[in-house]
Each structure stands twice: as C-alpha cells, then as structure tokens.
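Below is one structure, written out as structure tokens; the observations come after it.
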Amino acid sequence: MSGLSIGNVKKSFGAVDVIHGVDVEIADGEFAILVGPSGCGKSTLLRMIAGLEDITGGQIRINGRVVNDLQPKDRDIAMVFQNYALYSQMTASQNMGFALELAGAKRPEIDKKVGEAAAILGLQPLLDRKPAQLSGGQRQRVAMGRAIVRDPKVFLFDEPLSNLDAKLRVKMRAEIKALHQRLKTTIVYVTHDQIEAMTMADKIVVLHGGRVEQIGSPLELYDKPRNIFVAGFLGSPAMNFLEGTIEDAANPVLAMTSGSRVKLSRAPANSVNRPLTLGIRPEDIAFGGESGVDAVVKVIEPTGSETHVAVEIDGKELTWVVRERVELAPEQRVKLSFETSKVHFFDQQTQQRLDA
Amino acid sequence: MTAMPTNHAAVHLEVQLSSIKRDPVLIGLWIALVAVALVWVAPFVFIVFTSLKTPAAVTSTGAFVPPTELAFENYSAAWSRGNFANSFLNSVIITVIKVPLGLFLSAMAAYALAKIRLKITKALLLLVVFGTMIPFQVMLAPLFTLVNSFGLIDTYPGVILPYIAFGVPYQVFILHGFFRGIPKELSEAALIDGANHFTIFRRIFLPVCLPVLAALLILDFVSTWNEFAMALVLLQDQRMWTLPLGLMSFQGQFSSNYGQLNAAIVMTVLPATIVYLIFQRYFVSGLTSGAVKG
Ligand SMILES: Nc1ncnc2c1ncn2[C@@H]1O[C@H](COP(=O)(O)OP(=O)(O)OP(=O)(O)O)[C@@H](O)[C@H]1O
Ligand SMILES: [Mg+2]
C-alpha cells in the first residue's frame, strides 16, 4: 500500500518549466528525503504535494486517493516550514490547537491532543508562551507540534533545520528521526544538505534541474550512484573524478589524459578505448607502494577524527581523507593507491554508471 | 615608561570633556522642536483661553492672557444657540459608521490584493493607486450631480458613501504594502490548518496589523470628523449639518461673540483629540515592537 505516489508530475510557472515529469513512490510509514542543489524544484514539488501550488501535469495520490484538486486542508497532510510560520499573536498551545479548533473540535479534546503532542516534544513548560518568547529550536518544535496534533497521513518538511545553528541542527535531526520511529507516519522531507539526507532517510530522492536523478536507500545511492551527478552530490568530502581510457580489458590500467596511469583490478564491459570517468571516494585513497600514483600534497586540513588532504595528480586536484595520524607537509611528494574494488566507472559522454 | 601615566590622564580628561560637551546638532534639533511645538500650541492656547473669557474680557485683555474669571456659560450658550445637539449627533453618526466600515473594507480589499493571486490583481491595484492621486476638490461638482441623481443629498448615506470612496484607496495602498510584507508561509500554514481566506484575514492578519490599523483609524477619524468641503456640498439642510459646517454658520451669526465661537471650536475639536489620545499608545507601541517578527 502506497502512502504517497507521485506520477509523472510536471510544473510550469508561466512559460518556465520547473519540474519535468517526476515519478516517486513512497511507501506508508517511509521517511523520504528530497535532496538536490538549490533551485532544482524540491520546494515546488513539496508544495504541490501540500496543495499550495497547482499541479501542471500528472497525478499525486495520498493513501491511494488522487489529491490534485483537493484543498490543502483536505489532503490529510501537515507541513513544517523553514521559517516556522507560527501565528505570532497566539501562544504555543493555541498555535498547536488551531487546526483542531477550526475543524470544530471541543475544548477538552483539543487540550488532550495538544497535551500529548507537547509531551512527545517536551514542550509542556512552554505552552503558554508566544512565539517571540521562544528560541529558534523551541519554535521549530512548536511548528512540529502543530503538525503532530493533526495526526496526518503525511508530514511535509521544507528545510526545517536550516535556520538553526550547527549543534542544534544535529540534535533536532536525531529528534525528528526518533519522532518518526515513534509515530511511524510517512514523511517527505526537503533539504539541500546531503548529510541530513544520508543520516535520516529511509529513501532518498535526488533531484536535479526538475528531474529525478536516482531514488534509493542512502547506502544504495552512496555505493552505487547511477550517474556522475549523484556520485558527486552525496558524500562529504565529495567523490573525486579522473578522466581517461582503458586500453586493455585483461590488464586494466586507466591512462589519464594527462599521462599518469592508474592500475585497476577490473574494468567495465565494452570499455576499451572509450572515454571514461573514474570516481573514487576520498576515504578509498591510501598510501601506495612503489607502484602508486605520483601526487603532490597541497593543503592539509585536520578535523581531529580524520585529516582532509588536498593532493594534485597531474594538475588535477583530489581530496584524500586519512584516518590515521600522518606527518605531511605542503608540496610533499607522495605515492597514492586507490582501493580498486571501490572505484566507480562512468561513461564520459552519457555520464551514466558503467558496472564492472 | 614615565610617559604612560600622563597619557592615561589625557585620555581620561578627553572622555570627561566629551560627556560634558553636548552635541550641537542635538541642541539645534531641540530648539527647532520647541519652536515648532510653540507655533502649533499657540493657536490652541488662544482658543481655549478665549473660549473661557467674557465678552468684556475678550476685548480688554491680550490674546494669550489667561482668563481671570472662567466664563463656562460660553459653552452652554454656544451649544444651544449653535444647534450643536443636532450637528454633534450628525458628526457622530457619520464618523462612527464611516471610519470602521471604511477601514474594514480597505483591510479586506488589501488582503485580497496582497494574498489572492488573480490575473486582474495588478490592474485592480493600479486602479486603487490611481484613486489616491485624484484630489477630491476636482470631483466635487460631479460628485454632487451623482449623489443628487441617486436622491441622496441631505442623507447620511449620501455623505458616508463618498467619504468611504475617497478614503478607501489610500488605506488599501498602505495596508497592501503591509500585508505584502507578511511572509506567505503564515497564510499557507493557516490554509493547511483548514482556515479559509476570511479566517486567515481575521485570525492571522488583523491581529498582526493592529498597530497599522490603529494609526489609520486615528488619521481617518480626525480627517472625517473635520471634513468640510464635501459635507458643504452634499448637506444643504441645516438639520443635517456636521460640526465643521455648524461652526461656519456660527461665525456669521455671532461674529461679535468670540468667547462663544471659540467654545464651539473647542467642542468640535475635543472628540478627535480624545480618540487620538485613546489610540495613540497602540499606535506608538506597535511601531516600536516590530509586529511581524517572531
Ligand atoms: N512562483 C514562482 N514563479 C516562477 N518561478 C518560480 C516560482 N517559484 C519557484 N520558481 C522557480 O522554480 C525553480 C525551483 O524552485 P524551488 O523553490 O522549488 O527550488 P528548491 O529546490 O526548493 O531550492 P532551494 O534549495 O534554494 O530552496 C527555481 O528555478 C525557481 O526560480
Ligand atoms: Mg526550497
């Protein structure tokens, strides 16, 4: 049974096409995250689900019911906005009970549901405060409380954490995930932060320029990115890319355009003499022996748990993550090897993944 | 090393000096402010003093000399002889209906123009802005013809409707700007919570824009209460006259009795002053508290 189904949905603002036919199936109770660079249409898609934007083409179903022409309040959804959008002249509890009040619920029922939501979110001591008397994190919690009280089929979040400081963001991330595990309500969550996507989602939908690039679980997308865009978008620091060709499939070596040669353990089918892009994650690079690739250390950034090193191979900059403590100096020459079982191959022309 | 203490002392001295020395610009501003205030208050003092003087005292004492014996009978005499009971009632009826009704209509129109997207929204807004540019004096003659053809000369609706028509555009213009500044997520959140536009308007927008409404209410009350030209054209019957019109006839009738004339003026101005004093604290506190934040 599908919680939310988006079928070939399109959106144009006047003559400008913003969403070009998106298909996504989100199962009941799933935590789905829409992620992509700024302007790719994440918010627009979410607002179409909420009913705040007209749907130009295609169908959106919630719980099996087509909602294209339903009013937002009839769609069985609740939304949490980036700027909280709390009603400033109402107290926290009035904010949370507003929907029930409009639906004609009785006072005791409203108080009971608001009380329950407040208990879940630890808001009891703050219920009589106005939004101006709350901190950013507390406001965000009230906004979530307002959504929980309605007990919707689907929660919609639009970058709810981007106004919070880094530490609070990590805390709220865990809280939202815990909330989902407790309520088991379908969530569609928009963010441009790939770490949020990786840490919270059951399913990630990568959007780019109004199109879906790939849908899958965080680790699926991380381990098997379908194309160069997804490969470069997920992961921090980002994946490194090298361009070159393989001349001999039996004894695969990537001959880089600039001259260096990287020994590989495998090659994708039909890849001989075809322009390839090789992707390697920063943590899959290691010190190599005599057969390693020549590299020059440029910048060293220790983070404590690991060290990010910018190195240059034939004038091309790569990021290398070292977990151990190492003594490195700028302009030092090192030999590096790639974890060959973990390299990714992409066709340079189509940008698509080539499986070895 | 020895230079250090003297240095310190010099710095210290300078700090003290600058706190003693007042900013000359500030002093200039204060002087200007006092001068302007005096200019504005002078006529008011003159009116109040004169209204309390006997006819003999008016001619024998200077304009700004306080009255020695208070002639309160000027007020009662002016009230009855100027037919104030009648014109006061007319002014109250017209103002009390026109001001809230006009403001409510303006607020609703401004909400619609700011928050409901339609193809003709821009054209409508342009029309409203155009309305603020027409001086009503230009319209007096056509207005008379129009109201006359409706048979509304010498009626309350005959004044209230034109008043509303001329008041709405600038109020819509101001409120529209204010509503536009309210984040759209606020109305969207309410929309999802199940509110219709009227509920959003009443429960979300009106409370937020209370300070602006208070300001507009004061301005509108004062200008409606004191309106003269349009009332003069549209109200021919003495029994329908408003206070400013009553005042005009007063001057001809009692030109020798300045005490009574000024008592009449004080009574005319007083209600507007009271309304201002009641609402000005909402107005000022709203302006300083940043109503939209949070
Ligand atoms: N009302 C509108 N009229 C015209 N174009 C719009 C409108 N709203 C959004 N767009 C365009 O649609 C595209 C997608 O916008 P959207 O807000 O969905 O991006 P986003 O993925 O949420 O980006 P961000 O991460 O910056 O929030 C953008 O190019 C934007 O300029
Ligand atoms: Mg967005």
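The values are calculated or read from the model by the stated rules, or taken from the named source; none is laboratory data. Computed from a predicted model, the values in this text were never measured in an experiment. FYI the Cβ positions are ideal-geometry reconstructions off the backbone, even for glycines, and counts take in every protein chain you see.
What residue, among those in region A:108-132 that are outside any helix (DSSP H, G or I) and away from every other protein chain (no Cβ under 14 Å), is surrounded by the fewest Cβ atoms within 10 Å (Cβ to Cβ)? Can you show your working first?
Residues of region A:108-132 that are outside any helix (DSSP H, G or I), as a first pass: A:122-123, A:127-130.
From the residues that got through so far, the ones that are away from every other protein chain (no Cβ under 14 Å) too are A:122-123, A:127-128.
Numbers: A:G122: 12, A:L123: 22, A:L127: 19, A:D128: 10.
The qualifying residue surrounded by the fewest Cβ atoms within 10 Å (Cβ to Cβ) is A:D128.
Just one of (1) assigned to a loop (DSSP other than H, G, I, E, B); (2) within 29 Å of A:Q214 (Cβ to Cβ) trips up A:V321, so point out which.
So A:V321 meets the others, but not (1).
I'm trying to understand the selection: among the residues of region A:1-30, which are within 15 Å of ligand 1 (Cβ to nearest atom), without any contact (Cβ under 8 Å) to a residue 60 or more places away in the chain and not basic (K, R)?
Matches in region A:1-30: A:I6, A:V9, A:S12, A:F13, A:G14, A:A15, A:V16.
Which of the residues spanning region A:1-34 are in contact with a helix residue (DSSP H, G or I) (Cβ under 7 Å, 6 or more places away or on another chain) and within 16 Å of ligand 2 (Cβ to nearest atom)?
Matches in region A:1-34: A:K11, A:V18, A:I19, A:V22, A:I33, A:L34.
Pairs please, first residue from region A:199-215 and in contact (Cβ under 8 Å) with a residue 60 or more places away in the chain and in the same structural domain as A:K10 (by TED's automatic domain parsing), second anywhere and away from ligand 1 (no atom under 16 Å from the Cβ) and of a type in the set (F, W, Y), Cβ atoms under 6 Å, 6+ apart in sequence or on different chains.
A:A201/A:F31; A:D202/A:F31
Tally the residues that are away from ligand 1 (no atom under 16 Å from the Cβ) and in contact with a strand residue (DSSP E or B) (Cβ under 7 Å, 6 or more places away or on another chain), restricting the search to region A:158-192.
4
Of everything in region B:57-74 that's β-branched (V, I, T) and outside any loop (DSSP other than H, G, I, E, B), which residue is surrounded by the fewest Cβ atoms within 10 Å (Cβ to Cβ)?
Of region B:57-74, the ones β-branched (V, I, T) are B:58-59, B:61, B:65, B:68.
Those still in the list that are outside any loop (DSSP other than H, G, I, E, B) too: B:58-59.
Working: B:V58: 21, B:T59: 10.
Among those residues, the one meeting the criterion is B:T59.
Select from region A:213-226 the residues that are buried (at least 19 other Cβ atoms within 10 Å of the Cβ) and over 16 Å from A:Y189 (Cβ atoms) and write down the one among them that is nearest to ligand 1 (Cβ to nearest atom).
A:E213
Does A:L70 meet the test of being under 24 Å from B:K115 (Cβ atoms) and within 16 Å of ligand 2 (Cβ to nearest atom)?
Values: under 24 Å from B:K115 (Cβ atoms): yes; within 16 Å of ligand 2 (Cβ to nearest atom): no.
Criteria not met by A:L70.
Can you report the number of residues in region A:53-94 which are within 12 Å of ligand 1 (Cβ to nearest atom) and surrounded by 21 or more Cβ atoms within 10 Å (Cβ to Cβ)?
Number of matching residues: 1.
Based on what the data block shows, is A:I33 more than 16 Å from ligand 1 (Cβ to nearest atom), assigned by TED's automatic domain parsing to the domain that holds A:L179, surrounded by 18 or more Cβ atoms within 10 Å (Cβ to Cβ) and of a type in the set (A, V, I, L, M, F, W, C)? Explain how you work it out, then say what you get.
Details: more than 16 Å from ligand 1 (Cβ to nearest atom): no; assigned by TED's automatic domain parsing to the domain that holds A:L179: yes; surrounded by 18 or more Cβ atoms within 10 Å (Cβ to Cβ): yes; of a type in the set (A, V, I, L, M, F, W, C): yes.
Criteria not met by A:I33.
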